[in-house]
Amino acid sequence: MTQRRIHQDECPYFVTFNTRGGEPVFEDVRFAKLLQEEMFTSARLKGFDILAYQIIPNHVHLLTGTRTLEEDGKNIVGGDAPTSEVDPVPVERTLESMRSGEFKRIDNNNFPEPTPIHERASLERASPERTFSKVRSSPARTPKPFTISDLIQSIKGNFSYKHKLGAIWQRRFYTKIVNTPEYLETVVEYIRYNPTKDGLPKRFTQPPYQYFDWGKIRKLF
(Lines give C-alpha, C1' and ligand atoms only; values in the text may rest on other atoms or scores of the structure.)
Protein backbone atom coordinates (compact mmCIF):
# COMPACT_ATOMS: atom_id res chain seq x y z
CA MET A 1 0.00 0.00 0.00
CA THR A 2 1.44 3.35 -0.98
CA GLN A 3 0.58 6.94 -0.17
CA ARG A 4 -3.07 7.01 -1.21
CA ARG A 5 -5.15 8.99 1.26
CA ILE A 6 -6.15 6.41 3.86
CA HIS A 7 -7.45 6.98 7.37
CA GLN A 8 -8.36 4.18 9.81
CA ASP A 9 -8.53 5.34 13.42
CA GLU A 10 -8.70 1.97 15.14
CA CYS A 11 -5.39 0.54 13.85
CA PRO A 12 -1.82 1.86 13.80
CA TYR A 13 0.29 2.14 10.66
CA PHE A 14 3.70 0.71 9.81
CA VAL A 15 5.34 3.13 7.37
CA THR A 16 8.64 3.04 5.49
CA PHE A 17 10.10 6.00 3.61
CA ASN A 18 13.47 6.23 1.87
CA THR A 19 16.06 8.80 0.93
CA ARG A 20 16.45 9.65 -2.72
CA GLY A 21 18.91 7.36 -4.48
CA GLY A 22 19.66 5.55 -1.21
CA GLU A 23 21.85 8.38 0.05
CA PRO A 24 23.09 7.60 3.62
CA VAL A 25 21.94 10.97 4.98
CA PHE A 26 21.45 9.72 8.52
CA GLU A 27 24.93 8.35 9.00
CA ASP A 28 25.38 11.83 10.45
CA VAL A 29 23.80 11.75 13.91
CA ARG A 30 23.01 15.46 13.66
CA PHE A 31 20.52 14.79 10.88
CA ALA A 32 19.08 11.85 12.82
CA LYS A 33 18.39 14.13 15.80
CA LEU A 34 16.78 16.74 13.57
CA LEU A 35 14.55 14.11 11.96
CA GLN A 36 13.59 12.78 15.37
CA GLU A 37 12.45 16.25 16.42
CA GLU A 38 10.50 16.74 13.20
CA MET A 39 8.69 13.41 13.56
CA PHE A 40 7.44 14.32 17.03
CA THR A 41 6.54 17.88 16.01
CA SER A 42 4.59 16.77 12.94
CA ALA A 43 2.83 14.03 14.91
CA ARG A 44 1.71 16.55 17.51
CA LEU A 45 0.38 18.92 14.84
CA LYS A 46 -1.36 16.23 12.80
CA GLY A 47 -2.92 14.33 15.69
CA PHE A 48 -0.76 11.21 15.68
CA ASP A 49 1.26 9.31 18.29
CA ILE A 50 4.79 8.15 17.57
CA LEU A 51 4.73 4.56 18.87
CA ALA A 52 8.11 3.39 17.57
CA TYR A 53 10.62 4.20 14.88
CA GLN A 54 13.98 3.16 13.46
CA ILE A 55 16.21 5.54 11.51
CA ILE A 56 18.59 3.72 9.15
CA PRO A 57 21.21 5.69 7.12
CA ASN A 58 19.03 5.71 4.00
CA HIS A 59 15.47 5.00 5.20
CA VAL A 60 13.07 5.19 8.13
CA HIS A 61 10.61 2.70 9.66
CA LEU A 62 7.77 4.28 11.65
CA LEU A 63 4.97 2.79 13.76
CA THR A 64 2.32 5.43 14.38
CA GLY A 65 -1.36 5.76 15.22
CA THR A 66 -3.98 8.46 15.51
CA ARG A 67 -4.62 9.95 18.93
CA THR A 68 -7.51 8.93 21.18
CA LEU A 69 -10.00 11.24 22.85
CA GLU A 70 -8.50 10.50 26.27
CA GLU A 71 -5.02 11.44 25.11
CA ASP A 72 -6.32 14.55 23.41
CA GLY A 73 -7.77 15.76 26.72
CA LYS A 74 -4.37 15.34 28.39
CA ASN A 75 -2.58 17.19 25.58
CA ILE A 76 0.07 14.50 25.23
CA VAL A 77 -0.23 13.83 21.51
CA GLY A 78 3.13 13.15 19.94
CA GLY A 79 5.10 13.83 23.09
CA ASP A 80 8.58 15.23 23.33
CA ALA A 81 11.56 13.75 21.56
CA PRO A 82 13.11 11.16 23.92
CA THR A 83 16.69 11.32 25.09
CA SER A 84 17.12 8.17 27.23
CA GLU A 85 18.03 4.69 26.01
CA VAL A 86 15.42 1.94 25.71
CA ASP A 87 14.90 0.00 28.93
CA PRO A 88 15.39 -3.71 28.08
CA VAL A 89 13.06 -4.95 30.83
CA PRO A 90 9.88 -3.32 29.42
CA VAL A 91 10.93 -4.56 25.99
CA GLU A 92 10.90 -8.22 27.00
CA ARG A 93 7.79 -7.78 29.12
CA THR A 94 5.91 -6.18 26.25
CA LEU A 95 6.91 -8.87 23.73
CA GLU A 96 5.82 -11.53 26.23
CA SER A 97 2.46 -9.77 26.62
CA MET A 98 2.04 -9.76 22.84
CA ARG A 99 2.53 -13.51 22.66
CA SER A 100 0.13 -14.20 25.55
CA GLY A 101 -2.60 -11.97 24.11
CA GLU A 102 -2.69 -9.64 27.12
CA PHE A 103 -3.59 -6.60 25.09
CA LYS A 104 -6.63 -4.42 25.34
CA ARG A 105 -8.41 -3.62 22.12
CA ILE A 106 -8.93 0.07 21.55
CA ASP A 107 -12.47 1.12 22.37
CA ASN A 108 -13.69 2.90 19.26
CA ASN A 109 -16.15 4.81 21.43
CA ASN A 110 -13.20 6.81 22.76
CA PHE A 111 -12.81 8.57 19.46
CA PRO A 112 -14.51 11.95 19.11
CA GLU A 113 -17.89 11.92 17.44
CA PRO A 114 -18.30 14.16 14.39
CA THR A 115 -19.74 17.56 15.25
CA PRO A 116 -23.38 17.65 14.07
CA ILE A 117 -24.20 20.14 11.37
CA HIS A 118 -26.52 22.82 12.70
CA GLU A 119 -29.76 23.38 10.89
CA ARG A 120 -29.78 26.42 8.71
CA ALA A 121 -31.41 29.38 10.29
CA SER A 122 -34.56 30.65 8.69
CA LEU A 123 -34.32 33.79 6.60
CA GLU A 124 -34.71 36.89 8.67
CA ARG A 125 -36.71 39.82 7.54
CA ALA A 126 -34.44 42.84 7.22
CA SER A 127 -35.09 46.07 9.09
CA PRO A 128 -35.48 49.30 7.13
CA GLU A 129 -32.15 50.55 8.43
CA ARG A 130 -30.18 47.65 6.90
CA THR A 131 -28.82 47.81 3.39
CA PHE A 132 -29.24 44.03 2.84
CA SER A 133 -32.52 42.19 2.77
CA LYS A 134 -31.81 38.68 4.09
CA VAL A 135 -29.27 36.98 6.32
CA ARG A 136 -28.47 33.25 6.14
CA SER A 137 -26.47 31.52 8.86
CA SER A 138 -23.65 29.19 7.79
CA PRO A 139 -23.81 25.56 8.96
CA ALA A 140 -21.03 24.35 11.27
CA ARG A 141 -18.47 22.12 9.56
CA THR A 142 -16.72 19.10 11.02
CA PRO A 143 -12.91 19.42 10.71
CA LYS A 144 -11.50 16.80 8.38
CA PRO A 145 -9.06 14.49 10.22
CA PHE A 146 -5.48 14.33 9.04
CA THR A 147 -4.39 11.16 7.24
CA ILE A 148 -1.19 9.15 7.35
CA SER A 149 -0.30 10.80 4.03
CA ASP A 150 -0.58 14.22 5.69
CA LEU A 151 1.74 13.11 8.49
CA ILE A 152 4.47 11.69 6.25
CA GLN A 153 4.35 14.64 3.86
CA SER A 154 4.69 16.97 6.85
CA ILE A 155 7.70 15.07 8.23
CA LYS A 156 9.55 14.89 4.93
CA GLY A 157 8.63 18.34 3.65
CA ASN A 158 9.33 20.26 6.85
CA PHE A 159 12.58 18.41 7.51
CA SER A 160 13.93 19.23 4.04
CA TYR A 161 12.67 22.82 4.06
CA LYS A 162 13.81 23.79 7.57
CA HIS A 163 17.31 22.45 7.07
CA LYS A 164 17.69 23.47 3.40
CA LEU A 165 18.50 19.93 2.27
CA GLY A 166 16.61 19.98 -1.02
CA ALA A 167 14.96 16.91 -2.55
CA ILE A 168 16.51 14.22 -0.34
CA TRP A 169 13.43 11.95 -0.18
CA GLN A 170 11.87 9.49 -2.57
CA ARG A 171 8.41 10.71 -3.45
CA ARG A 172 6.66 7.48 -2.55
CA PHE A 173 6.37 5.80 0.81
CA TYR A 174 4.93 2.44 1.87
CA THR A 175 2.20 1.85 4.44
CA LYS A 176 0.70 -1.24 6.06
CA ILE A 177 -2.16 -1.29 8.55
CA VAL A 178 -1.32 -3.20 11.74
CA ASN A 179 -4.61 -4.89 12.54
CA THR A 180 -3.69 -7.94 14.65
CA PRO A 181 -1.58 -8.53 17.78
CA GLU A 182 0.50 -11.03 15.83
CA TYR A 183 1.40 -8.52 13.15
CA LEU A 184 2.10 -5.89 15.82
CA GLU A 185 4.61 -8.27 17.42
CA THR A 186 6.22 -8.86 14.02
CA VAL A 187 6.54 -5.12 13.36
CA VAL A 188 7.95 -4.36 16.82
CA GLU A 189 10.56 -7.11 16.57
CA TYR A 190 11.45 -6.07 13.03
CA ILE A 191 12.08 -2.48 14.16
CA ARG A 192 14.00 -3.58 17.23
CA TYR A 193 16.40 -5.92 15.41
CA ASN A 194 16.63 -4.14 12.06
CA PRO A 195 20.00 -2.44 12.79
CA THR A 196 21.56 -5.75 13.90
CA LYS A 197 20.32 -7.60 10.82
CA ASP A 198 21.72 -4.83 8.60
CA GLY A 199 25.12 -5.07 10.35
CA LEU A 200 24.99 -1.50 11.66
CA PRO A 201 26.92 -0.24 14.71
CA LYS A 202 25.31 -0.43 18.15
CA ARG A 203 24.56 3.30 18.13
CA PHE A 204 21.72 2.61 15.68
CA THR A 205 19.87 0.71 18.43
CA GLN A 206 19.83 3.80 20.66
CA PRO A 207 18.27 7.29 20.51
CA PRO A 208 18.02 9.23 18.33
CA TYR A 209 18.05 6.30 15.91
CA GLN A 210 15.62 3.96 17.69
CA TYR A 211 12.60 4.64 19.90
CA PHE A 212 9.69 2.70 21.45
CA ASP A 213 6.76 4.00 23.52
CA TRP A 214 6.05 0.74 25.34
CA GLY A 215 3.22 2.17 27.43
CA LYS A 216 1.16 3.03 24.35
CA ILE A 217 2.16 -0.09 22.43
CA ARG A 218 0.80 -2.30 25.26
CA LYS A 219 -2.61 -0.62 24.97
CA LEU A 220 -3.09 -1.22 21.26
CA PHE A 221 -4.66 -4.70 21.36
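The values are calculated or read from the model by the stated rules, or taken from the named source; none is laboratory data. Remember, predicted model here, so these are calculated numbers, not experimental data. Cβ atoms come from the backbone with ideal geometry, glycine included; neighbour counts cover every protein chain shown. Surface areas here come from the heavy atoms of the whole protein model, side chains and all, with no ligands, DNA or RNA. Shrake-Rupley method; radii C 1.70, N 1.55, O 1.52, S 1.80 Å.
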- Note on the structure: ILE168: passes all of (1) modelled with pLDDT of 95 or more; (2) within 30 Å of GLY21 (Cβ to Cβ) but (1)
- Tell me, which helices (runs of 4 or more DSSP H) wholly within the range 140-221 include 2 or more residues that are within 19 Å of PRO24 (Cα to Cα)? 148-162, 181-197
- Message: For the range 142-156, give me each residue that is farther than 14 Å from HIS59 by Cα and open to solvent by less than 70 Å² (accessible area, probe 1.4 Å).
- Response: THR142, THR147, ILE148, SER149, ASP150, LEU151, SER154
- Message: For the range 199-221, give me each residue that is polar (S, T, N, Q) and crowded, with 19+ Cβ neighbours inside 10 Å.
- Response: GLN210
- Would you pick out the residues in the range 157-181 that are open to solvent by less than 20 Å² (accessible area, probe 1.4 Å) and of a type outside the set (Val, Ile, Thr)? PHE159, SER160, PHE173
- Looking only at the range 57-78, and only at residues there that are assigned to a loop (DSSP other than H, G, I, E, B) and modelled with pLDDT of 95 or more, the one that is surrounded by the fewest Cβ atoms within 10 Å (Cβ to Cβ): ASN58
- Message: So, in the range 41-56, how many residues would count as being part of a strand (DSSP E or B) and under 20 Å from VAL25 (Cβ atoms)?
- Response: 5
